[in-house]
1. Residues Phe126, Phe59: which one is out of contact with any Ser or Thr (no Cβ under 7 Å at 6 or more places or on another chain), surrounded by 11 or more Cβ atoms within 10 Å (Cβ to Cβ) and not hydroxyl-bearing (Ser, Thr, Tyr)?
2. Under 23 Å from Ala142 (Cβ atoms) and of a type in the set (Phe, Trp, Tyr): does that describe Phe126?
3. So which pairs qualify, if the first residue must be in the stretch 42-56 and of a type outside the set (Ser, Thr, Tyr), the second must be assigned to a loop (DSSP other than H, G, I, E, B), the Cβ gap must be under 6 Å, and the two must be at least 6 apart or on different chains?
4. Tell me, which helices (runs of 4 or more DSSP H) lie completely within the stretch 7-73 with 3 or more residues that are more than 30 Å from Gln132 (Cα to Cα), modelled with pLDDT under 90 and assigned by TED's automatic domain parsing to the domain that holds Phe109?
5. Determine whether Pro72 is touching a helix residue (DSSP H, G or I) at 6+ places or on another chain (Cβ under 9 Å) and either of a type in the set (Asp, Glu) or surrounded by 17 or more Cβ atoms within 10 Å (Cβ to Cβ) (or both).
6. For the list (1) small (Gly, Ala, Ser); (2) free of Cβ contacts under 8 Å to residues at least 60 places away in the same chain; (3) not in a helix (DSSP H, G or I), I need the number of the one condition that Ala128 fails.
7. Going through Leu138, Leu105 one at a time, which residue ends up being over 21 Å from Leu54 (Cβ atoms), modelled with pLDDT of 90 or more and part of a helix (DSSP H, G or I)?
8. Tell me the residue from Gln98, Gln108, Gln137 that is out of contact with any Phe, Trp or Tyr (no Cβ under 6 Å at 6 or more places or on another chain) and either in contact (Cβ under 8 Å) with a residue 40 or more places away in the chain or loosely packed, with under 11 Cβ neighbours inside 10 Å (or both), please.
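The values are calculated or read from the model by the stated rules, or taken from the named source; none is laboratory data. What you see is a predicted model; the values in this text were computed from it and never measured. Heads up, the Cβs are rebuilt from the backbone with ideal geometry, glycines too, and the neighbour counts pull from every protein chain shown.
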Amino acid sequence: MSELLVTMSELDRARRHDPAALTGLERLHRLQKEKQRKKLQDSLVQSWPIAVGLVMACFAPLLRDLVVPFDPWGMRILFPFVVLAGRHEINPGGEYWQYLPHIMLYAQFPLEGWLAKKILRGRVSFSAVTIQVLFYQLLGVAQLWLISGAIGPMASR
């Protein structure tokens, strides 16, 4: 806002002193506005992983119902963070912790999109986001595998 006020005062000064300078300052002002508009548009275009995550969150209950016949591995692969949120090792007890898996069902995909956007910083392409999200899924599955104690029998061999 202060930049705009400075620019307007400069325009007023130029209008009083030199009418020819007015057009240059007006052009500068237009260029600054255009840069800001382009920056906002680029930011919105770069936010597509979050938008896709929000759309997938709308279909998360349907996806959960589709993988229920493949339980327990279906849920562990597609919704590892929901399963993690429901584990008793993570749940400290209390009145509201029982809702954490339900919240994670809707929050998992938008959070993964947001994290992918933040980590990729301007290099947001479909393949990069896909690899990043698959990496998050793999980390969630690995955490479940470690928590379930499956590594214990393998380590004792």
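1. Numbers: Phe126 fails: surrounded by 11 or more Cβ atoms within 10 Å (Cβ to Cβ).
Only one candidate passes the filter, namely Phe59.
2. When the stated conditions are applied, Phe126 does not pass them.
3. Going by the 6 Å Cβ cut-off, the qualifying pairs are Gln46/Val124.
4. Details: elements: 19-46, 48-58, 60-67.
Output list is empty.
5. On the way: touching a helix residue (DSSP H, G or I) at 6+ places or on another chain (Cβ under 9 Å): yes; either of a type in the set (Asp, Glu) or surrounded by 17 or more Cβ atoms within 10 Å (Cβ to Cβ) (or both): no.
In short, no.
6. (3)
7. Working: Leu105 fails: over 21 Å from Leu54 (Cβ atoms).
Of Leu138, Leu105, the one residue that is over 21 Å from Leu54 (Cβ atoms), modelled with pLDDT of 90 or more and part of a helix (DSSP H, G or I) is Leu138.
8. Values: Gln98 fails: either in contact (Cβ under 8 Å) with a residue 40 or more places away in the chain or loosely packed, with under 11 Cβ neighbours inside 10 Å (or both); Gln108 fails: out of contact with any Phe, Trp or Tyr (no Cβ under 6 Å at 6 or more places or on another chain).
Result: Gln137 is the single residue among Gln98, Gln108, Gln137 that is out of contact with any Phe, Trp or Tyr (no Cβ under 6 Å at 6 or more places or on another chain) and either in contact (Cβ under 8 Å) with a residue 40 or more places away in the chain or loosely packed, with under 11 Cβ neighbours inside 10 Å (or both).
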